[in-house]
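Heads up: the structure comes next, in structure tokens.
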Amino acid sequence: MTMNSFQYVSYAQEVVFEPGALAQIGTIVERYGLQRLMLCTSRSQRAAGCVTLIETALGDRLAAVYDSVSPHVLDIQVEEAAALAEKSQIDGVIGLGGGSPIGMAKALAYRLGRQSADGTAPSVDGGRLIPVVAVPTTYAGSEMTAVFGITHTREDPPRKVTVKDPSIAPRLVIYDPELTLDLPPEMTASTGFNALAHCFEALYSVTRHPVSSSVAVTGVRHIVHALPHCYADGSDLDTRSEMLLGAHLAGLSLASAKMAMHHGLCHVLGGSAGVPHGIANAIMLPHVLRFNAPAAGELLLPAVEAMGITTGEHDAAAAVEDAARQLDELARQMNLPRRLRDAGVKERDLPNLARLGFENRTVHDNPRPVEDAAVIEQILREAW
Ligand code: NAD
């Protein structure tokens with residue numbers, strides 16, 4: 001791909017980024033004419049008082065609340081929440097929290113919309129999907145994308161699959177950095193790594209383009225600068241804002257360029273081995289960067305420089321090795337698990353995880369070709 005020829009898809013989204021913005025959700029959604037919203041969130045948000053804030057701001061327009069979303073969007077929970085959504089005749093869905101509640105909101109919009117097209121549920125929005133409103137409280141980036149993962153719990157082992165549909169891209173995204181002030185250090189660190197990984201994978205994406213690449217490099221710069229401060233002192237609004245800006249840019253790059261093997265392996269580790277998404281990202285990132293360095297070193301150089309590493313004297317692969325080492329050190333400083341065994345993965349499961357990884361379509365979009373599952377097993381073993 002050259003600079004003088006490129007193609008990408010972007011979504012019609014309104015993004016509001018402001019401390020305290022959540023309290024204005026009533027006036028913001030007013031513009032969309034929504035009257036029966038459903039809120040999907042997790043218990044931590046109720047505890048933090050955000051649910052009460054939304055109840056107050058929306059009043060009667062809040063028709064239903066599903067506040068027990070578990071990580072990784074479980075099929076059984078989607079069925080439960082869909083029943084509530086149908087009963088409540090909702091016309092919009094809010095995902096408040098990390099990637100899981102936002103994924104749940106997308107899953108509901110998708111499911112209700114499909115059903116209305118079949119005529120099995122009331123037609124919503126003239127047959128189009130109901131709008132998704134996303135209010136992120138972590139750095140995972142799902143708020144910007146038209147994708148959700150759903151975990152099929154009836155399979156053994158459970159398997160996470162992704163669904164992509166342009167209509168599920170959140171139409172309104174409210175970034176309120178105040179909501180991240182109480183994000184615990186471990187979640188700050190792990191979801192921050194998730195955001196970093198989106199930027200790196202966007203840079204060597206098979207569908208990269210000048211916009212996604214410049215967004216990704218700026219994302220790396222902000223994240224690398226803000227993340228250690230947010231970990232050390234989560235209460236500083238300025239660094240929290242910078243980190244959330246970095247996460248926004250990471251989410252934007254994730255939304256506009258296809259992800260590669262790192263992303264796919266983290267889905268497998270989450271869906272089939274129960275590793276929290278951000279932890280999987282933090283463990284795997286240096287290993288996958290090293291693997292991809294021979295094929296993607298040059299493409300990664302702007303991000304390596306954005307990390308403050310001088311690349312002049314080095315060849316690209318050596319510079320990526322420096323970056324991988326620095327990322328490993330950053331993860332260590334933030335006390336994140338460094339090996340898959342420390343995240344509950346059993347050595348005997350590695351061959352099966354490698355097989356599932358190889359079946360993941362992102363592997364085919366990896367900049368360095370992956371010939372067989374043995375290659376993935378080797379990477380997993382190094383990370384184990
Ligand atoms: P999560 O949504 O699974 O939440 C993890 C935990 O963090 C939960 O217990 C939650 O209650 C808690 N939490 C969230 N915000 C908090 C806050 N401000 N204060 C205190 N606790 C808080 O975590 P995640 O890492 O944000 O999301 C991971 C999921 O999102 C994975 O399933 C991943 O696949 C998916 N994801 C999807 C996309 C996409 O584009 N579709 C992008 C990134 C991640």
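Every number in this text was worked out from the coordinates using simple rules, so none of it is lab data. Since we're looking at a predicted model, the values are computed, not measured. Methodologically, a virtual Cβ is constructed for each residue, glycine included, from the backbone with ideal geometry; neighbour enumeration extends over all protein chains shown.
The table for this structure:
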| item | result |
| --- | --- |
| Cα centroid separation, segment 298-376 to segment 140-209 (Å) | 18 |
| In segment 263-329, GluC sites (Glu not before Pro) in a DSSP loop with at most 10 other beta-carbon atoms within 10 Å | Glu313 |
| About the Cα centre, charge dipole magnitude for the chain (Lys/Arg +1, Asp/Glu -1 at Cβ), debye | 720 |
| Within-11-Å neighbourhood charge of Phe148 [Cβ basis; K, R +1; D, E -1] | +3 |
| Using distinct alpha-carbon pairs, which all enter the 1/r mean, Kirkwood radius of segment 264-384 in Å | 14.8 |
| Over 21 Å (Cα to Cα) - which of Lys164/Lys346; Lys164/Lys258; Lys106/Lys164; Lys258/Lys346; Lys87/Lys164 fall in this group | Lys164/Lys346; Lys258/Lys346; Lys87/Lys164 |
| nm² value of the averaged projected area, convex hull over the Cα atoms of segment 1-102 | 9.1 |
| Listed residue (Ser205, Met104, Val9) projecting farthest to the positive dipole end of the chain, Cβ model | Met104 |
| Among Asn352, Gln326, Val224 the positive-end extreme of the charge dipole of the chain (Cβ point charges) | Asn352 |
| Loop-resident sites, segment 15-79, for trypsin sites (Lys or Arg not before Pro), counting at most 14 other Cβ within 10 Å (DSSP) | Arg31 |
| Footprinting exposure proxy for Met38, Met3, Met307 (fewest neighbouring C-beta atoms within 10 Å first) | Met3, Met307, Met38 |
| Dimensionless Rg/Rh of the chain - Kirkwood Rh, Rg from C-alpha atoms | 0.96 |
| Among 53-59, 210-216, the order from most to least packed when residues are scored by Cβ within 10 Å on average | 210-216, 53-59 |
| Mean Cβ count within 10 Å, highest first, over the residues of peptides 136-146, 273-283, 6-16 | 136-146, 273-283, 6-16 |
| Net charge contributed by nearby residues that have their C-beta within less than 12 Å of Asp315 (K/R +1, D/E -1) | -4 |
| Within-12-Å neighbourhood charge of Asp349 [Cβ basis; K, R +1; D, E -1] | +3 |
| Filtered trypsin sites (Lys or Arg not before Pro), segment 151-231: DSSP coil and at most 14 other beta carbons within 10 Å | Arg154 |
